[in-house]
Amino acid sequence: MIKIRKNDREAAFDDEQFVDKSKVVSAHRFDDISEIDTQILNLLEKRAFLIRKEGAWRKSRQKSLVDPKLEKLLRGSFDKQSGDRGLDAKLSRQLFTLLNQFSLADVRKAFTGEGYKLAPRVEKINASIAGPRSFRHTRMMLAMAAASGARTQLSPVTMNAPNKDLAKALKQVGAPISWDDDWIRNDGGKFLEFEGAMAFVGEDPFNFYMLLCLALGHAGRCKFTGKPALQLLDAAALNKVLPRLGARLVPMNPNNPGLPVRLECGGAMDEEVTLPGGIEPDFAAALTLAAWSFPGGLTIKGLTAAARIRVAEAVDVLKGCSIKAELGKDFVTVSDGIPVIEENPVLPLSVKLNSMLLALPVMSGGSINIQGSWPKNDQADLVLAELRKLGVRVDVATENIIATMEGSQPESVDIVLGENDELMPLALALALKVRNARLSGKDNDVALELLDRMGASYELTDDGIELKPFSANWDGTWFSPDPIWSMGCALAAYAVPGIVLENHGEVTSTWPEFWNFYNSLPTGKMKPKPVREKKDDPRRRIKIR
């Protein structure tokens, strides 16, 4: 018989009491945490519903499922709040991406169509095409002509929504503008009149920024309105700069931070301003473009790397119009003056669109001749340098550019195009062709989603993605967030055939000829455009009673 001493019995009782208490505490913690998880899931469901609702609205109007402006604002707010709470920045960014994937998953499953399958013929191309001109350069030239009262005809142009919306907006403030399928003309002899006007600027923020900045040199009040996408514009951020230029913006709808807005201007204007952090690069470019119309010109300091790229485009336009402009590392100085604009100015090729065409010889061999003037800037030079690394011979002439695959494709390559968001779709397509490649660029959410859909083998690095050889295995359909990504997929399909797009039609609204040309490769001989009937018969039908 075992005797248990009193102290031992007390110890055993204490242990049992500890175990019971531990269970109670664990149960309480489970209940508390489980309740919080339930709240998180309920909020996640509500968040997903709201974004799906926004996506359904945009899709009904043939727009991309995700509003880039809304996502940028949400990401900025999410990052700030997670930082205020001391949460890990990297994990917070990953969480934001996952939240969006929950929001879009059900919408993508709901697609019931067959989609648009990309399976191009991998044969050496021998094609020629008149390349699309830069949409931004076209709009900046149109704004310059309208503001200076110059007679100008811009041709050839792609009459997509941004170009047409700007032409309409300028007409609403007094510009004598007309247009057709492939040209826009300003008859000249009249100047812009903003006093008391209301301009509808569409949905492109750059159009609004250009009209806004051109109005700063006119005393009085005017109003700007636009499509729902611009309701989320951060108008308050602009008021950190506008008072230095004798103006302020007043939102007209208290429920929206953006348009419609009222501009009040006419005060004394400083000849130097410093842009605070967070100001949109497009606003910096628009302010640069309009600075010639301010008394004494303007020096703009505090340019970020992204803003400098946009400002450089505006400086090119100003110099082409005989306005003195100096671009430094983080500043730009524009002198006041009177623009000199040709009646038929040369419009440079669009880098982001025509670079897709120039890359075709990398994907399938052969040669392509693009008619148009290749621009001279850092972005354009970078594209040519990257293509040459991949074995492409590029011949640049005054009125055309020819890319021919002559060298051998490298076994591995570093592709830095992805450091520019607009060129990431092209960078990914080139990397998929080489397979053993390193992609630079940090904002790779869309690229990673595509790679996962392909079953790609890759590793994330501090500054990008390291892609390894893999056997492609595409399944299902994909809703592209942007027409440029759709074009990137069209290029990538040479290396990974079978990609299926749900919304390929959005490309047509941006660049109407793209799919016609793509489907006609390797020859590039497109079907002719339908000719509109002309009513030559002057006779009228008269009803006799």
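Where a number appears in this text, it was derived from the coordinates with a stated rule and is not lab data. Keep in mind the model is a prediction, meaning the values are calculated, not measured. All Cβ positions, glycine included, derive from the backbone under ideal geometry; neighbour counts span all protein chains shown.
Between the helical axis of 161-172 and the longest alpha-carbon principal axis of the chain there is an angle of about 60 degrees. For the peptides 251-257, 417-423, the ranking by mean Cβ contacts within 10 Å, running from highest to lowest, is 417-423, 251-257.
The length gained on full extension between LYS124 and GLU411, counted as 0.36 nm times the residue separation minus their Cα-Cα distance, comes to 101.3 nm. For helix 445-454, report the angle its Cα long axis makes with the longest principal axis of the Cα atoms of the chain; keep it between 0 and 90° and round to the nearest 10°. Taking Cα atoms only, the helix is inclined about 70 degrees. With bins 10 Å wide beginning at 0, the percent of Cα pairs of the stretch 348-450 falling in each bin runs 16, 51, 29, 5.
Distance between the 7 Å Cα→Cβ label points at SER26 and SER520: 7.3 nm. Take every DSSP beta bridge whose two residues both sit in the chain; close to 75 percent of them are antiparallel. How much of the pair distance distribution for the stretch 419-524 lies past 17 Å, counting alpha-carbon pairs only, in percent? Percentage above 17 Å: 52. By other beta-carbon atoms within 10 Å, ranking TYR494, TYR116 with the fewest at the front produces TYR116, TYR494.
Taking max minus min of the alpha-carbon positions on each principal axis, the stretch 135-334 gives extents of 40, 40, 28 Å, largest first. The modelled label-to-label distance between LEU99 and MET198, using points 7 Å beyond Cα along the C-beta direction, is 3.5 nm. In a fully extended conformation the segment linking GLU114 and LYS301 would gain 62.2 nm over its present Cα-Cα distance, using 0.36 nm per residue.
Reported to the nearest whole Å, the Cα centre-to-centre distance from the stretch 348-384 to the stretch 220-278 is 37.
Calculate the FRET efficiency for LYS527 and ILE36 from the Cβ-Cβ distance with a Förster distance of 60 Å, rounded to the nearest 0.05. Step by step, r from the Cβ atoms, then E = 0.50. Protection proxy ranking, highest mean first, for peptides 39-50, 503-514, 346-357: 346-357, 503-514, 39-50, where packing is the per-residue count of other beta-carbon atoms within 10 Å, averaged.
When shorter helices are ignored and each DSSP H run of at least 4 residues is given -39500 (n - 2.57), the per-residue value for the chain at 222 nm works out to -13500 deg cm²/dmol.
Annotation for ASP395 and ASN256: the two label points, set 7 Å from Cα along the Cα-Cβ direction, are 5.2 nm apart. Lys-Lys pairs in the stretch 135-334 that are eight or more residues apart or on separate chains and whose Cα atoms lie under 18 Å of each other come to 11.
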